[in-house]
Each structure stands twice: as structure tokens, then as C-alpha cells.
1. Calculate the all-directions average of the projected area of region 389-485's alpha-carbon convex hull, and give it in nm².
2. If you take the charge dipole of the chain about its Cα centre, with +1 on Lys and Arg Cβ and -1 on Asp and Glu Cβ, which of THR274, GLN586, LEU289 is farthest toward its positive end?
3. Full extension from GLU207 to THR602: what is 0.36 nm times the residue separation minus their Cα-Cα distance, to one decimal in nm?
4. Farthest toward the dipole's positive end in the chain, which of LEU72, GLY547, TYR59, given Cβ charges of +1 (Lys, Arg) and -1 (Asp, Glu) about the Cα centre?
5. Candidates (i) -0.41, -0.55, -0.86; (ii) -0.41, -0.56, -0.96; (iii) -0.32, -0.44, -0.75; which is the computed log10 I(q)/I(0) by the Debye sum over Cα atoms at q = 0.06, 0.07, 0.09 Å⁻¹?
6. Mind grabbing the base-10 log of I(q)/I(0) for region 535-637 at q = 0.18, 0.19 Å⁻¹? Debye formula, identical points on the C-alpha positions, no solvent, two decimal places.
7. Taking the Cα centre of the chain as origin, work out the dipole magnitude from +1 charges on Lys and Arg Cβ and -1 charges on Asp and Glu Cβ, in debye rounded to 20.
8. Please tell me which of these pairs span more than 21 angstrom C-alpha to C-alpha: LYS270/LYS562; LYS393/LYS457; LYS270/LYS631?
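Taken together, the values in this text are just the output of simple stated rules run on the coordinates, not laboratory data. Fair warning: this is a prediction, and the values are worked out from it, not measured in the lab. When we count neighbours, we look across all protein chains shown, and the Cβ atoms used for this are built from the backbone with ideal geometry, even at glycine.
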Amino acid sequence: MEGNTMKINTFIRISLAALALSCSSCNYLDVIPDNVATEDMIYSMRENAEKQLYTLYYYIPEACNVFTNPGLAAGYEFWNCAEKNYYYSNSNSWNMQHGEQSTDNPYFNYWSGGNGGYNLFTGIRECNSFIENVGTVQDLSKMECERWIAEAKTIKAYLHYYLLTLYGPIPFIDENLPVSSDAETMCKVVREPVDQVVNKIVDLLDETIAAPAFPDNIRVRDSELGRLTKTAAMAIKAKVLLWAASPLFNGNPDFPNFKNAEGVELINSKYDQTKWERAAQATLDAIQLAEQSEYRLYTFDSYLPYEVSEDRMRELTLRSLVTYRFNEELIWGLGDKDGSSCTSQTIQGICNAPLTAYQQGSEIPWSKNMHNPTMDIAEQYYSNHGLPIDEDKTYDYAGRFNVVDRPEGHDSYIGKGERTAYLNCYREPRFYANLGFDRGQWFNLEATSDDAALVVKSRKGETAGMAMNNYNITGYSAKKLVNYTLVMTQSSNTKSGITYPFPIIRLADLYLMYAEARNESLASPDETVFEYLQKVRDRAGLDRETGSVKETWKRFAKNPSKVDSQEGMREIIRRERLIEFAMEGQRWYDVRRWRAGEEYFTRPVRGWNVSAPDETGYYNETYIYFPKFNKRDYFIPIKLTDTYVNKKLIQNPGWE
């Protein structure tokens, strides 16, 4: 591990049980510190204060953990054979997918703690205490103190933002209540309107951005990778303002009676276009600082012992932009927490397709391919022209389930002499870099040359086929989350050449955020919208025939004028986000932010007929599950007992 996680592992051994400590009077705020007796000791010397700083990082929810991050599965990007799998049948995301969320014991309870979440108000409290006391450390330089305070304020802002994305309106905890506060005082805190919370988060981030000692990027890479920077703070600010401008929080008519105990409207039902302008400017500012600080879209440049084709090199770029440790595109990401139930190695194990007989026979549950992208995700990727497959006039969409011989030009994508579904042919480079599929190539270090990549064989009875348990239920694998250096060995079952920090924000995110916000702030898209969209598409290997997304639509689309309107570009930019960040946990957040859950989260979960042993039986569209989505599902409910304790704590709509 690198960066802050290395530091955390070295210095911090905090008990996760501490995260669940709560005040019996009003536990959702956890306002009474549990470290009063040790506070003087913590701030008595620099070494102890530094340990406390890294403790603050420990409160940031794990992005790489399917048990603690709802985005990794609740957005219907993945399905799994959980009915035969203890490992996943106890996953909170899986249970949420099945509509089992409740107020009695909510999944991902980051309000008061439990069921995959922990009390983030505890983390906010610790940030406040650190900000208030670190200036008293005698052997701490002024510059270092200023930097540490900026980090603590950024973490505090991020924890508030994280709660905002889960619950909507929240109380903003600017200062800790004194220990002497009585129970009545502690339980009078009310939820604040979203716009008010957003402004407070932004004001806090502006304080950190203005701090001269807060570095633009990490310079001491051996020991500081993963720590927050001014660029990360500006990117978080842009994210906050993007949420504020988006349909969930901007002109949402769905919750007209959602008011706090003081009768104040909590989500603004009146649309305000200036919010998009504000988001666009903040995102552009973040981009400019990122580029000045030498953040770049990642391209693969690691050593290989033999030459590979242009297609293979692009595949390695598109796979490694997530799995290459702290590459130049990663504005902020965090590695594995010490003692985590799900790490980057776990993710790779549950996504890696079995390629050999000894791997298929392994009894280690997290070495099996059971975290499977759905057919909806496979269809989401573009055609080889960079258009949705149902909008490309050259793509045989109606015949996508037909079985065909490997077409010309697919030497790096499909096994030699193999047959597969037309759906797996004539697709964009990200499809082949991100997804494993039956008869598709899976390049890793077991290949002795570019044309010797192993081939996935997913029919029942084959190496990657249906097994007694822990099997691939859709026929697709999340190759994107598996580093190309990972191989499976007979002696150790799992062997990974690398662990990696899971991305929270990368530069491509800012580019597409700016394209989205800019498009929404104008009557029709201008050249800057296309410019930043094009940056991401160019890296993905799109528009090589035409030179631009605009010309691609004009030449190959059934509706060539779609790129000319704000509404058309809105669809195009959203689709680009869904593809670029597929399987990174962003879909669940984006779809809710767009207030589009009824469209995306009610589609049937589909895959291939993985129980068939032959080509004819396997390549049949199979329906696995029929999800339901209600307006209340835009927010996670607050635990019922918390609303009993604090009568001013209003429950989220639909969960009353």
C-alpha cells in the first residue's frame, strides 16, 4: 500500500468500534467526545497530532468495498449468484438491489452507524476538534499546521458532502457542542435546506483553497500519496456544486412537503439555471489548476517484454487508468484500510474470469468471478463508431444476439477461430478493455506474446462456466477492475502483482463534469462543451475516422442533428459518463443526481443463458431479475429510533 493508507497502517490502529460510539441522548450527532481524557496528550507533540490527522482520513468511507460503498452494486451495474454465495448474500448493496431497505436498520447507515455504514458525524466531530486544537502543538511549524488544518477542513467538507449525496438535507456541524450541553440542547439540531448546506460546504472548501501551505499536488510521493491537495479540494467543490445544480436538488417537484421542523423547504422546487453556471466555473477552475499541477489523462507506458499492437496498447491504457497505482490522472483516491473486509485485491479476485482449470477449481470464494456486469452495461457501450448501438445506422442492433464468426479487425479482442455474439463485435475500445465475455481475449502476464492472450470460455462445463457456487451469472466480467499483472497460480490460487487506490476523482471526471455543466448553462452547446467531451473520447480511441464527436454523429447516426441541441447533448454527455466511469461506483450516484432512477433502475437485469453448455443454448437473452424503484429510493432513510430521540429530525419522504 502507498500514501495515506501506508501511514494509517503504520501509525493508526483505531478500533472500528469507536465509530459506532454514540451519545445515548442523541446518537446521530455523537456530540460527546470519547477522547476528552486524551486530548491534551494528542496535542502535546507533533507525532501524536500527526497520528490524529491520519485518523481523520480513516473516517472517509471506503470506495473499494462492496459492503460499505452502495455505488459498487446498488446501481444495477452488477449482479451475482448470491443465492448460493454467503460472501455476497450478506452484501448490503445486494440487499438494497432487492428492495430490502428499511427504517428499522437501514443499509449503509452513515447517519448513526450500522449495516455497512458508520457514524460520519463522529468523523466530523473529530475534524472539528482537530481544527480547534492542532494550533496548540508546540513543535509544529506554522506552515505544516496550516496544511494540516486545510486537510482536516477538506475531510470535514467531504464527509458533509458524502452525507448530502445519501440523505439530501442534513445538519451542518460547524462546531462541536460543548460537553456541558444538556440532552435537550443536543437534540434540537434540525436538517438544513440543501442549498444552505451546499453553501456552507463550499465556504469551508474555499478556506482550504486559500491556504498558502496547502499544496497543489503531492511532491513527496513515497510517503504522501493519497493525502488531500488543493486540486482535490477544488475538485470536491466542483462535485458539490454539480450536485446542487442537478435535477435532484434543483427544481425538483417530487417532494413539495419536505420541510424541516421549522417549516423550511429542504429541497428547492424552483429551477435556478445560475447553479449550473456556478458549477461550470468551479469545475473549470479545478481543471485549470489540475492541468497546471501536471495532472494528465493517463496513457499506458509500463514495460512489456514484447511488442504489442495499437489495439492492445489502448486496451492497457483503458484498463490501467483505474488499476495503475496513483497515476497522473488520479486527483484523489484512497487505498485499502487496514483490516478491511474488501480490498482492491478482493475486488480483483471477484472480478477476474477463471482462465485455467486450476483457477476454476479454487475453493477461495473471493478468487471466483462473481461480481458480474449486466447485459444492460454491455449494451451501454458504443459501437466502433462511438455511437450507441441502437443509434448507429451501420450497426445491426436487431441481430445483436446472433452468433457470428470472429470478424476481421478483432484479432486483439476475440479468440482466433472462435464464434461469439454479434453484441460482442464492432464495439468501441472501452468495451473490450472493460469487459470479459465468452470467447473474448483476456490479456495478462500469462501471455507470452501479444497474440497469445488467454480466451474466456464461459459455457457450462468450461473453465469460466457455471459452477456449483461463486459463478458468473450474466456471462460478463469486470475486466476493468483487474490489473493486467494479476494471474492465478495453482500453488497460491491468487497472486496479484499490484494493489491500487480506488479512484474518488480523476481528471476525466472533471472534463465530463464541465461539459455537462456548461451544456446545461447554455441554450445550445458551444465549442467548449465539445472540447472537453472530445478529450475523453480521444483517449478512448473514438472518432478516429471523423476527427470529432460532432462529425461522427453527422456521418453515422440515425439522428444526426442530436448533437446540435442542449437536450441531445445532455443525453450524449450522460451516456459518456456512464461508459467512462462504468463499474467505478459512480452510476448509482449520477442516476440519482439526474433524477433518472425510474428510467435506469427499473430495467430488467439480463444476461446470457449461462446454464447452457453449448453455443446454441448459451447465446439467449435471459431475464434474471425485475427491479423496482420508488421516489423514496433517491435517499437512504434515517433509522427510526433516531427520529424518536430527536422529535425535530424529519424522516426522508416516503420512509415516514
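1. Working: hull surface 28.0 nm².
Average projection, Cα convex hull of region 389-485: 7.0 nm².
2. With unit charges placed on the Cβ atoms, the residue in question is GLN586.
3. Values: separation 395, 0.36 × 395 = 142.20 nm, distance 4.18 nm.
Using 0.36 nm per residue and subtracting the Cα-Cα distance, I get 138.0 nm.
4. It is LEU72.
5. This structure yields the entry labelled (iii).
6. Results for region 535-637 at q = 0.18, 0.19 Å⁻¹ read -1.04, -1.06.
7. For this selection, approximately 880 debye.
8. Details: LYS270/LYS562 28 Å; LYS393/LYS457 31 Å; LYS270/LYS631 18 Å.
Check vs 21 Å cut-off fails for LYS270/LYS562; LYS393/LYS457.
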